[in-house]
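Q: Before we start, here is the structure in question, set down as structure tokens.
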Amino acid sequence: MTTSLVRVEVPGRWAGAGGTRDFPGRALQGWFYGELAKCDEALAGMVHGIEGEKPFHVAIRRDVDGDTLVVCGYGPLASVAEGLALRVPGRVLFDARWWERTGEARVERTGWADIAARMLRYPVRRRVRMAFTTPTTFRSGGHYLPLPVPATLFGSLLQRWRVWSPVSLEAECEAALRDIVVRWHRVHSAAVQLKGLIPAFLGTVEFEIRQSPGPYTGILDLLAEFCRFSGAGAKVSSGFGCVSVVPGEEPCSPAAGPAADA
């Protein structure tokens, strides 16, 4: 298998009580570009000049037992992102606060063809639950859209796939996106102060594709898996849009736990 997409998770925590109050997104992006320039200054300049979302994703995800640094890369940055993440030192300064590494990095590698194969697997996975673990937002009509609207989320992922993946997805896939709906969710609003106040959301959403069995039903599974490496929405190179896919297909019972809020 040729490695084309990489996701590295480095366990850590913010030094001092209470963690960090400020969103470290711009500092994360600055750290990534600085480390990239040390390895390959020409590549750093090329990536910086790319219009739109870059082929990397970096974030710090709040976990129950710490604050995990997530670094993902694909296209020209797959192997570079992996190398940078594996060399993360014991302490990194983000916005005047120390983030401390607490363990070994967990590395996940895959290829474009391996993700695309989800379109063909049987039985088709018709439901996917996605956890948005850092603030997530989208740009639509010149404004921010802080909601997990299926057409916006999966449409942006399909567009990003077409820019960077050598595996072509037919035009008919776009029509299949119209059949993706929100089956269950528990999300809440979040606001991030960067140059201005950016509206966003956090939480968990279960999506379902409601169409007759066909060759494009697996597009939901494919794009959800790709999202783990690319991030979701806008500013994924600045700490936004970190996503995990929750194992299992079946939704929570309406009478059990958080689904009662649906």
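The values are calculated or read from the model by the stated rules, or taken from the named source; none is laboratory data. Source: prediction; values computed, not measured. Glycine also receives a Cβ, built like all others from the backbone with ideal geometry; neighbour counts cover every protein chain displayed. Ligands, DNA and RNA are stripped out before the accessible areas are found, and what is left, the full protein with its side chains, is counted by its heavy atoms. Shrake-Rupley method; radii C 1.70, N 1.55, O 1.52, S 1.80 Å.
Q: If you bin every alpha carbon distance in region 133-174 into 5 Å steps from zero, what whole percent lands in each bin?
A: So the P(r) values, bin by bin, are 5, 20, 26, 21, 15, 11, 2.
Q: Per residue, how much accessible surface does region 85-240 expose to a 1.4 Å probe? Answer in Å², no decimals.
A: Value for region 85-240: 47 Å² per residue.
Q: Please report the relative contact order for region 46-91, taking Cα pairs under 8 Å with a sequence separation of at least 6, and give it as a percent rounded to a whole number.
A: Relative contact order, region 46-91: 26 percent.
Q: What is the helix-to-structure angle for 219-230, meaning the angle in degrees between its Cα long axis and the longest Cα principal axis of the chain, kept from 0 to 90 and rounded to the nearest 10?
A: Roughly 0 degrees, rounded to the nearest 10.
Q: What are the residues whose amide H is under 5 Å from the amide H of Ala190, where those residues sit 5 or more places off or on another chain and H is modelled from the backbone?
A: Counting only residues 5 or more places away or on other chains, the set is Ala200, Phe201, Leu202.
Q: Can you list the lysines whose alpha carbon sits under 20 Å from that of Lys38, skipping same-chain ones fewer than 8 residues off?
A: Lys38 reaches Lys54.
Q: Among Cys242, Cys173, Cys227, which one moves the most in a GNM of the chain with springs linking Cα atoms closer than 10 Å?
A: Among Cys242, Cys173, Cys227, the largest mean-square fluctuation in the Gaussian network model of the chain belongs to Cys173.
Q: Counting only other residues whose beta carbon sits under 13 Å from that of Ser230, what net charge do I get with K and R as +1, D and E as -1?
A: Once all neighbours under 13 Å are counted, the net charge is +4.
Q: Then there's this: On average, how much area does the Cα convex hull of the chain cover when viewed from any direction, in nm²?
A: Its Cα hull, projected and averaged over all orientations, spans 14.6 nm².
Q: Separate question: So which residue, out of Glu172, Glu82, Glu51, gets the largest mean-square fluctuation from a GNM of the chain using Cα contacts under 10 Å as springs?
A: Maximum fluctuation in the GNM of the chain, among the listed residues, is at Glu51.
Q: Under the Karplus relation 6.51 cos²θ - 1.76 cosθ + 1.60, θ = phi - 60°, what is the ordered set of whole-Hz ³J(HN,Hα) values for region 173-181, x standing for Gly and Pro?
A: Those phi angles translate into 4, 4, 5, 5, 4, 5, 8, 8, 10 Hz.
Q: List the lysines whose Cα sits under 19 Å from the Cα of Lys195, skipping any in the same chain fewer than 8 residues away.
A: Straight-line reach from Lys195, under 19 Å: Lys235.
Q: May I pose another question? Over the Cα atoms of region 80-167, what radius of gyration and what Dmax do you get, in Å?
A: For region 80-167, the Cα-based Rg and Dmax read 17.7, 50 Å.
Q: Also: Divide by every residue of the chain the summed helix terms, -39500 (n - 2.57) for each DSSP H run of at least 4, and state the resulting mean residue ellipticity at 222 nm, rounded to the nearest 500 deg cm²/dmol.
A: Helices in the chain give a 222 nm mean residue ellipticity of -8000 deg cm²/dmol.
Q: Nearest 10 degrees is fine. How inclined is helix 150-164 to the longest principal axis of the chain, computing both from alpha carbons?
A: 60 degrees
Q: OK, next. Around Arg118, with a cut-off of 10 angstrom between Cβ atoms, what is the net charge of the other residues, counting Lys and Arg +1 and Asp and Glu -1?
A: Local charge sum for Arg118: -1.
Q: Taking the chain as a Gaussian network, where each spring joins two C-alpha atoms under 10 Å apart, which residue of Leu120, Leu145, Leu153 fluctuates the most?
A: Most flexible of the set in this elastic network: Leu120.
Q: Would you please put 201-207, 88-94, 234-240 in order of how densely packed they are, using the mean number of other Cβ atoms within 10 angstrom per residue and starting with the highest?
A: 234-240, 201-207, 88-94
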